[in-house]
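Enquirer: Questions regarding the structure given below will be posed in turn.
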Amino acid sequence: MKRIKTSTLPILLGIFTIGIFAACSPDTPEDEGKNKLHEDPTKAVFTLVEGKLKAGKTFDAMPHEEDFEATGKTQTIVWEVIKGEHFKTSDAGQDRFYVKSIKQNPDVVYSLKIDYYNREGKIMNNQFFDNEQDRIHQHFFEYFENGARIGKKENLPYDYTYADTYNGKFIGATNPMGFFGFMRFVQSNKNFNLKVELMHAGRSSKFNQDGSVSPFYKPSKEQKGLALWDLSVTLPIEIAE
């Protein structure tokens, strides 16, 4: 199977020696390894399922997981730490996602689920939610052209909506995490790399002063400058004609 190139950016806290860590608080350097309340994942599994929304539900109205019906195939891409090195794509998954455009298939919607595993091979998603870790973590789904992030939603070849739940409550609208959400692809006949990053805001908060959060495609300048990033990988995507 064709491999995806290893990410060239720092992609996981804990892989490097403790001396190159930045602390969660930009003002007070601390031992990040001691202050984190979650383990460092060693595997990330991205599961994309083709489907549609139930009658009466619309993509723009932030659908919930129960509003989705699977109608097509399930695809997975796996990134994992191999032999103690940085994250690389694994033969356990495929090398890209193959998707349909809403231009030719207006009802098609995809669910995207992200699962993290620790060194013992146990799923650890709850560690990013419990102990108020949900207040400082958020996935971003970004698109770059010629090295520059595209900052206008209307110029993206895809759309995304958060659909997370926590303790049985839907938090997609008020506390977006990105462990579960929905995607649709608004352009056709296009290949691109979707950059997925998991922000770790540290002692600060992912919320702005007015309570708002950054959109799924564009972390704020402050976040890019001060936040730590638990993961930064790419998912190659091929949109059919």
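What follows is calculated from the coordinates using simple rules that are stated; it is not laboratory data. Remember, it's a predicted structure, so these values are computed and weren't measured experimentally. In this analysis, Cβ positions are derived from the backbone assuming ideal geometry, glycine residues included, and neighbour counts consider all displayed protein chains.
Enquirer: Order of 239, 123 from fewest to most other C-beta atoms within 10 Å?
Expert: 123, 239
Enquirer: Could you calculate the contour length gain from residue 174 to residue 66, that is, 0.36 nm times the residue separation minus the distance between their Cα atoms, to one decimal place in nm?
Expert: Fully extending the segment from residue 174 to residue 66 adds 37.1 nm.
Enquirer: Using the structure shown, list the pairs from 52/218; 83/218; 169/221; 195/224; 43/88 with a Cα-Cα distance above 21 Å, or answer none.
Expert: Checking Cα-Cα distances, 52/218; 83/218; 169/221 exceed 21 Å.
Enquirer: Let me ask another. How would you rank 132, 80, going from fewest to most other Cβ atoms within 10 Å of each one's own Cβ?
Expert: The fewest-first ordering by Cβ neighbours comes to 132, 80.
Enquirer: Separate question: May I ask for the Kirkwood hydrodynamic radius of segment 120-221, worked out over all distinct Cα pairs and given in angstroms to one decimal?
Expert: Evaluated over segment 120-221, this radius sits at 14.8 Å.
Enquirer: Follow-up. So how do 98, 143, 110 line up by other beta-carbon neighbours within 10 Å, fewest first?
Expert: Placing the least packed residue first, the sequence is 98, 143, 110.
Enquirer: Please give the Cα centre distance for segment 190-215 versus segment 82-154, rounded to the nearest Å.
Expert: If we compute the Cα centre of each part, the gap is 13 Å.
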